[in-house]
1. For the Cα atoms of the chain, what angle does the longest principal axis make with the long axis of helix 267-278, in degrees from 0 to 90, nearest 10?
2. Give, as a single signed number, the net charge of other residues whose beta carbon lies under 12 Å from the beta carbon of GLU368, with Lys and Arg counted +1 and Asp and Glu -1.
3. How large is the helix-only mean residue ellipticity at 222 nm for the chain, computed as the sum of -39500 (n - 2.57) over DSSP H runs with n ≥ 4, divided by its residue count, in deg cm²/dmol to the nearest 500?
4. Running Debye on the stretch 132-184 with equal point scatterers at the Cα sites and no solvent, what base-10 log of I(q)/I(0) appears at q = 0.13, 0.29, 0.32 Å⁻¹?
5. Normalised radius of gyration for the stretch 90-147, please: alpha carbon Rg relative to 2.2 N^0.38 Å, two decimal places.
6. Where does each of 199-209, 171-181 land if you order them by average Cβ count within 10 Å, highest first?
7. On a 0 to 90 degree scale, rounded to 10, what angle separates helix 85-98 from the longest Cα axis of the chain?
8. In whole percent, what relative contact order does the stretch 280-414 give with Cα contacts below 8 Å and a gap of six or more residues?
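None of the figures in this text is laboratory data; all of them are computed from the coordinates on show. Model, not experiment: these values are computed from the prediction. Cβ placement follows ideal geometry from the backbone for every residue including glycine, while neighbour counts extend to all protein chains displayed.
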Amino acid sequence: MENVTIVDNQSKADGQPIKKPSSSAFRLGSSTLSVHAGEARQKPNDAITDSICCSSTYTFESTQSILDYIEQKQDREEYGRYGNPNEKVVERKLAALDGAEDAIIYSSGMAAIVGLLMAKLSAGDEIVFFDQCYHRSREFCAKHMSRFGVVTRQVKTGDFDAMEAAINERTKMIVSESPTNPHLTVIDLEQFVALGKAHEVETLIDATLATPFNVRPIDYGVDYVWHSATKYMGGHNDLLAGVICGSKENLESVRKLRGILGGINSPHNMYLLERGLKTFALRMERHNENGQRIAEFLEKHPRIEKVFYPGLESHPSHSIAKQTMKGFGGLITFLVRDADWKQTAAVVDACRIPKIAPSLGGVESLIEQPLVMSYLDYSPEERQRFGIYDNMIRMSCGIEDADDLIADLKQALDS
Ligand SMILES: *Cc1c(COP(=O)(O)O)cnc(C)c1O
């Protein structure tokens, strides 16, 4: 299925075709890819689904067949830490969705970024981050890659001049999330890739919030696309996984190191992810729709001071988001007017449909106060610097009926 080439039907929010600088090969649409890509047309036992292949090791017919395998490296399994058939199906599906040559799946989003950076960076190398990147990835670099002699620099998100100034001859990679969490800043990927090319440094985008349904950074020439598949890809709040997409050549050393690090997935987990992915495109349509409607509702509500959602004209990234994204996802951040942290918590606690939890991208709506959930160990100055306010709420819109979610938020805000 991954070899089939049919017209790519992706178009952006206003129905115009997505701007695609390095016009990639034509592809099937996201829904068709979600359902079929990466899977064999005819499967063992004539089953329509992939069976869960529970095996820690794989047998060879004879000594000669081991020698043949080593020499020709045919496509077969060897030992569970190097991968399993259920992982491979998901990797092919995710690569197809992102328009990438290859994808490597890990046991979590964090395992994926750690696996990539450990493979690509050595003592003396430097890496530059836009500072709204996922806090654990910045923490891994600043606190742990530093122990191995890698220098991490952070510059203000979207400030390309600052990023360029931070690049020197030791810089190996520049990193950004897009859209960012929780501020939903969208990065100009054309500019990001141009900067990387000009300085011969590799580019990495955390596209967890966007998903390949809304934007495919590979089309812009980004070298590595990182997703926490725990979020929209799995989509059901029932698994953790992570993926790095890129070219076969770039990912070869990464895959080899994964076989050593061992952050792989059980076949059961991959079955769940493959199943979740079947409805990926359908779910994304609803997440996009709910996100837009709820953001518009919140922006008009008198108790709301500010809404961060790239689908709103008031968002600083609105214009670049509209040009490059098909939709804007289900994550919304907002500030409650004249509320201290307790009054803000009262709004969270008054919601009846969204559940209080970290994470995002699942079918169930989730709501949280970033201050309480993730930033209590930061000083007030640090929180100010990262734009985390006491009256901030983050909501991940699930796939429930938008009318119900709006009515619920209304009663929570009015109470
Ligand atoms: C959750 C998340 C991660 C980390 O992924 P895990 O699967 O939790 O390890 C990275 N980036 C973003 C944007 C996320 O939301």
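1. Helix 267-278 sits at roughly 60 degrees to that axis.
2. Local charge sum for GLU368: +1.
3. Using -39500 (n - 2.57) per qualifying helix, the result is -11000 deg cm²/dmol.
4. For the stretch 132-184, the Cα-only Debye profile gives -0.33, -1.26, -1.31.
5. Here the Cα radius of gyration is 1.28 times the empirical estimate.
6. Put in order of decreasing packing, that is 171-181, 199-209.
7. 50
8. After rounding, I find 29 percent.
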